[in-house]
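**Q** Structure provided below as structure tokens; questions to follow.
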Amino acid sequence: MHSRLFYGLLGTVLVGGAAIACPEAIPIQAFFAFPQYTDVKISPDGHYLAVVGRNPKDETKTQLYFLDLSDMRVTGHYTLVGEQQIGQLWWVGDRRVVFTTATQTGSLDQPLLTGDIWAINVNGGNLQTLAYHLGKGVAYQYHYNYVLDPYSSDVSPNEIEIVDQVENAGTSGVVYKVNVNTAERHQVMMSPFLDADLTVDSSGAVRLAYGTNLKTALGKLLYRDANSVQWKDITSLIANEPLYTAAGSVMMTSDGRKFYYEGYTPQGTLGLYVVDPDTLGKTLLYSDPEYDIDNAYSSTQWLMSPDHHRLVAFEYTADRPTWILVHKNAPEAELLANLLSAFPGQDVHITSITSDGGRAVVLVSSDRNPGTYYLYDAGKHQVRFLFSTRPGINPDEMAEMQPVSFKARDGLTIHGYLTLPLGESKNLPLIINPHGGPFGIRDEWGFDPEVQFLAAHGYAVLQVEYRGSGGYGAAFQAAGYRQWGGKMENDLFDATDWAINQGIADPKRICIYGGSYGGYAAIEAVVEAPDLYRCAVGYAGVYNLVRMHDRADTLNGRLLGRFMHVAVGDDMASLKAHSPVDNAGKIKAALFLAHGGADHTVPIEHADELRAALDKVGKKYEWLYYPNEGHGFFKLDHKVVFYTDMLNFFNRYIGPGVTTH
């Protein structure tokens, strides 16, 4: 256990005198092991911590345990069985927690909730299954249960609200109130339509229903008064919002009379509004002329009052994380300001606050700091160290992640992040690193293990927010539609030219690497610009656009098929022209491909077909395959092999001492 030292919140920060090790000496496991802690929250009375940490017997799994803050003694714990891990976590009293479970089989995938909801005491007792993914009845249909409102009210002090949606049932979800101590439940209402995203007010009453018509992809928004069972259609509010974006309702205001709404402004970026549901009049609270306040991953952080009724502030990502105060006079606003002052240049996330506002758990991170949990004491104005998420990483040994921008060949502004090895800035070997997605997703300023690993070994890394990326306005995202292998690829070439012209990159020592869509972009880049890059790495990449198009029509139904039509297109000749499997003979660069046999996001057939095409034209390549891995390697041993092989691959073609002609 780490020593529990106290530091003055606004006082001098003490730095140890130990010498800084050479970054190259950092073990690869320090970068790619799972974070040791993924969630820490304080109980409402401030006596306990609920901690989600790694299972010491299997680091791919998580476990929940409780600590008494008076002596940091473990009072209870729970270890999941099978492939499940802890998903979400809420305190539902001073001695009890509710949590969900999730599964994740690939490092490039997001965790998926299983539909299981549990409750447990701080001593590990009275474990209750509040909802289970396999319900009773015909064929044991799958139930997508999720927590709608984890906070009990004065009327129902031991109850939370959940939604039970049966898979492929063709019926709307059912809202239940569930007793967290006994698991007894009673039905509250039916959702007004299939797959609706419901919003409650501070009393737990369901007030908003937002969703998408699966046939048309058009949004739908319903509202009802606090004491009414009748729904009012207010879809006209969202009628002009761009499709396939993050626009939609967020939460009710604390008085329950209005609601917060993320909608596009006349400037074309996503802003935060307050809407009067009776008149549909909306007031813009905040917008950024260049950046959206949210994206497809809902990365926005919402700081609420301790009773969870009032929105105090929110954080969105511009070029760096940016906090915006909504209620500037709230005590939590002062707390946030103090913490931001105490940790300058870092991101501050308040995970939980006690009922009296006297204590809070804070996660502090940055581009160089992978994350540190602290306990804040408002009365003493002090922070106390709790846990480091990656104890093997010393922030002083990490490289700075610099926001950059440049003009593409058609005049569009393209943003990105440049990370340089410590102490170096010119004529460097460069890795172009396009993100996955591609649409609605973006890179963000913060600790990136891949980027830091490459920088520690002497490589500059340029992450490119090519058109189609999220977070830069609806028009910027739409500019990438039907541009696979087109203007999206040109943005990568223009980024490469920018780095050369700035003197950052040695033009003869540049490679490109990406995963998922980024894997496609990397291999397609060396098809279209065979002399620009010395080598390319495709990791779990899409290599056959026709196969991807046809699979989308059948795998996830009409909504995904419609989006595929809009974003990728239906011109089979064009898709083949921009598919690496049909253009392998154009590739000159050295290739390294890696894929998992159990990848359900981008099936192994993509890699198999590309390998066959390369074999047919006599193009050599390096290959790494694990039959039981999913979308991105998940097991640490496999990740170590992959990143070791990739580093050796880069070193052979553009590394130190490599002579190019």
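**Q** Among the residues of the stretch 87-129, what is the count of those that are in contact (Cβ under 8 Å) with a residue 40 or more places away in the chain, out of contact with any Leu (no Cβ under 6 Å at 6 or more places or on another chain) and farther than 25 Å from Gly46 by Cβ?
**A** Qualifying residue count, the stretch 87-129: 8.
**Q** Output yes when any residue across the stretch 406-419 is under 24 Å from Phe650 (Cα atoms), in a loop (DSSP other than H, G, I, E, B) and in contact (Cβ under 8 Å) with a residue 12 or more places away in the chain, and no when none is.
**A** There is no residue in the stretch 406-419 that is under 24 Å from Phe650 (Cα atoms), in a loop (DSSP other than H, G, I, E, B) and in contact (Cβ under 8 Å) with a residue 12 or more places away in the chain.
**Q** Being closer than 30 Å to Gly538 by Cβ, over 23 Å from the mean Cα position of the chain (by Cα), modelled with pLDDT under 95 and not polar (S, T, N, Q): is that true of Glu83 here?
**A** no
**Q** Which condition from (1) in contact (Cβ under 8 Å) with a residue 24 or more places away in the chain; (2) within 26 Å of Gly357 (Cβ to Cβ); (3) touching a Lys or Arg at 6+ places or on another chain (Cβ under 9 Å) is the one that Ile238 breaks?
**A** It is condition (2) that Ile238 fails.
**Q** Being part of a loop (DSSP other than H, G, I, E, B), within 19 Å of Gln36 (Cβ to Cβ) and under 16 Å from the mean Cα position of the chain (by Cα) is the filter here, so list the residues in the stretch 341-377 that pass it.
**A** Answer for the stretch 341-377, where residues must be part of a loop (DSSP other than H, G, I, E, B), within 19 Å of Gln36 (Cβ to Cβ) and under 16 Å from the mean Cα position of the chain (by Cα): Ser366, Pro370, Gly371.
**Q** So, one more: Mind telling me which of the residues Gly87, Gly82, Gly93 ends up being assigned to a strand (DSSP E or B) and among the small types (Gly, Ala, Ser)?
**A** Every option except Gly87 fails the conditions.
**Q** Can you spot a residue in the stretch 359-366 that is modelled with pLDDT of 95 or more and open to solvent by 50 Å² or more (accessible area, probe 1.4 Å)?
**A** Yes: one or more hits.
**Q** With the requirement that a residue be hydrophobic (A, V, I, L, M, F, W, C) and open to solvent by 20 Å² or more (accessible area, probe 1.4 Å), what does the stretch 282-323 give you?
**A** Leu284, Leu285, Ala296, Trp302, Met304, Trp323
**Q** Residues being within 19 Å of His578 (Cα to Cα) and touching a His at 6+ places or on another chain (Cβ under 6 Å): count how many of those fall in the stretch 605-630.
**A** Qualifying residue count for the region: 1.
**Q** How about the stretch 474-584: which helices (runs of 4 or more DSSP H) wholly inside it have at least 2 residues that are under 23 Å from Glu609 (Cα atoms), open to solvent by 30 Å² or more (accessible area, probe 1.4 Å) and not basic (Lys, Arg)?
**A** Per the criteria, 545-555, 572-577.
**Q** Would you check which residues across the stretch 594-623 are in contact (Cβ under 8 Å) with a residue 60 or more places away in the chain and either in a helix (DSSP H, G or I) or hydrophobic (A, V, I, L, M, F, W, C) (or both) and list them?
**A** Of everything in the stretch 594-623, those that are in contact (Cβ under 8 Å) with a residue 60 or more places away in the chain and either in a helix (DSSP H, G or I) or hydrophobic (A, V, I, L, M, F, W, C) (or both) turn out to be Ala598, Val602, Glu605, His606, Ala607, Glu609, Leu610.
**Q** Please go through the stretch 263-283 and pick out each residue that is without any contact (Cβ under 8 Å) to a residue 60 or more places away in the chain and not in a loop (DSSP other than H, G, I, E, B).
**A** Once the filter is applied, which keeps residues that are without any contact (Cβ under 8 Å) to a residue 60 or more places away in the chain and not in a loop (DSSP other than H, G, I, E, B), the stretch 263-283 yields Gly263, Gly271, Leu272, Tyr273, Val274, Val275, Lys282, Thr283.
**Q** Among residues belonging to the stretch 25-68 that are open to solvent by 40 Å² or more (accessible area, probe 1.4 Å) and touching a helix residue (DSSP H, G or I) at 6+ places or on another chain (Cβ under 7 Å), point out the one that is modelled with the highest pLDDT.
**A** Ranking the qualifying residues of the stretch 25-68, first place goes to Gln29.
**Q** Out of the stretch 409-421, which residues are more than 27 Å from the chain's Cα centre (by Cα) and either surrounded by 18 or more Cβ atoms within 10 Å (Cβ to Cβ) or more than 20 Å from Tyr533 (Cα to Cα) (or both)?
**A** Asp410, Gly411
**Q** Another question, then. When only residues in the stretch 86-135 that are closer than 30 Å to Ala594 by Cβ and of a type in the set (Ser, Thr, Tyr) count, which is modelled with the highest pLDDT?
**A** Thr101
**Q** Continuing with the same structure: What number of residues in the stretch 192-204 are in contact with a strand residue (DSSP E or B) (Cβ under 9 Å, 6 or more places away or on another chain), closer than 12 Å to Glu161 by Cβ and open to solvent by 10 Å² or more (accessible area, probe 1.4 Å)?
**A** Final tally of qualifying residues: 4.
**Q** Determine whether Ser236 is surrounded by fewer than 20 Cβ atoms within 10 Å (Cβ to Cβ) and in a loop (DSSP other than H, G, I, E, B).
**A** No.
**Q** Output the number of residues of the stretch 96-121 satisfying the condition of being open to solvent by 10 Å² or more (accessible area, probe 1.4 Å) and part of a loop (DSSP other than H, G, I, E, B).
**A** 7
**Q** Restricting to the stretch 594-633, count the residues that are open to solvent by less than 70 Å² (accessible area, probe 1.4 Å), among the acidic types (Asp, Glu) and touching a helix residue (DSSP H, G or I) at 6+ places or on another chain (Cβ under 7 Å).
**A** Count: 3.
**Q** Take the residues in the stretch 378-390 that are in a strand (DSSP E or B) and open to solvent by 30 Å² or more (accessible area, probe 1.4 Å); name whichever of them is modelled with the lowest pLDDT.
**A** Gln382
**Q** In addition: Looking at (1) among the polar types (S, T, N, Q); (2) within 26 Å of Gln477 (Cα to Cα); (3) open to solvent by 60 Å² or more (accessible area, probe 1.4 Å), which one does Thr269 not meet, given that it meets all the others?
**A** Status for Thr269: all satisfied but (3).
**Q** Is it the case that Tyr210 is within 30 Å of Gly480 (Cα to Cα), assigned to a strand (DSSP E or B), aromatic (Phe, Trp, Tyr) and touching a residue at least 24 places away in the same chain (Cβ under 8 Å)?
**A** Yes; evaluated as a whole, the condition is true for this residue.
The values are calculated or read from the model by the stated rules, or taken from the named source; none is laboratory data. The shown structure was predicted, so the numbers you read here are calculated from the model rather than taken from an experiment. Every residue, glycine among them, receives a Cβ derived from its backbone with ideal geometry; neighbour counts consider all protein chains shown. Surface areas here come from the heavy atoms of the whole protein model, side chains and all, with no ligands, DNA or RNA. Shrake-Rupley method; radii C 1.70, N 1.55, O 1.52, S 1.80 Å.
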